[in-house]
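The values are calculated or read from the model by the stated rules, or taken from the named source; none is laboratory data. A quick note: this is a predicted structure, and the numbers were derived from the prediction, not measured. Here Cβ is always computed from backbone atoms with ideal geometry, including for glycine, and neighbour counts include all displayed protein chains. Ligands, DNA and RNA are excluded from the accessible area calculation, which covers all protein heavy atoms including side chains. Shrake-Rupley method; radii C 1.70, N 1.55, O 1.52, S 1.80 Å.
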Amino acid sequence: QTPCQQELDQVLERISTMRLPDERGPLEHLYSLHIPNCDKHGLYNLKQCKMSVNGQRGECWCVDPIHGKVIQGAPTIRGDPECHLFYTAHEQEDRGAHALRSQ
């Protein structure tokens, strides 16, 4: 399993063991959890978001697809932070740093 799938499994396990105080269901308790957004290959989607609450979109941020770590310099906003712009730059910096170390 990939890190994203493992994290998702852990969150789902937590949800399955939550005690629900009444018939409203688990939604109120879910808002505090981060449910990772994995793609079909099990990698993190570049854009991760908190749940929408009371009709207001949740905050979204950008992560590295392999490790799920926040991409430094990318914004955290309610909406689309256009992660593809930041990941491409981040990826190129990593490659450049690796190339310098290899010389």
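Values as computed for the structure displayed
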item	result
Selection within segment 51-88 - assigned to a helix (DSSP H, G or I) and free of Cβ contacts under 8 Å to residues at least 12 places away in the same chain	85, 88
Members of segment 36-50 found to be part of a loop (DSSP other than H, G, I, E, B) and either open to solvent by 40 Å² or more (accessible area, probe 1.4 Å) or free of Cβ contacts under 8 Å to residues at least 12 places away in the same chain (or both), listed by number	37, 39, 40, 41, 43, 45, 46, 50
Looking only at segment 1-19, and only at residues there that are among the hydrophobic types (A, V, I, L, M, F, W, C) and either modelled with pLDDT of 90 or more or open to solvent by 90 Å² or more (accessible area, probe 1.4 Å) (or both), the one that is farthest from residue 69 (Cα to Cα)	12
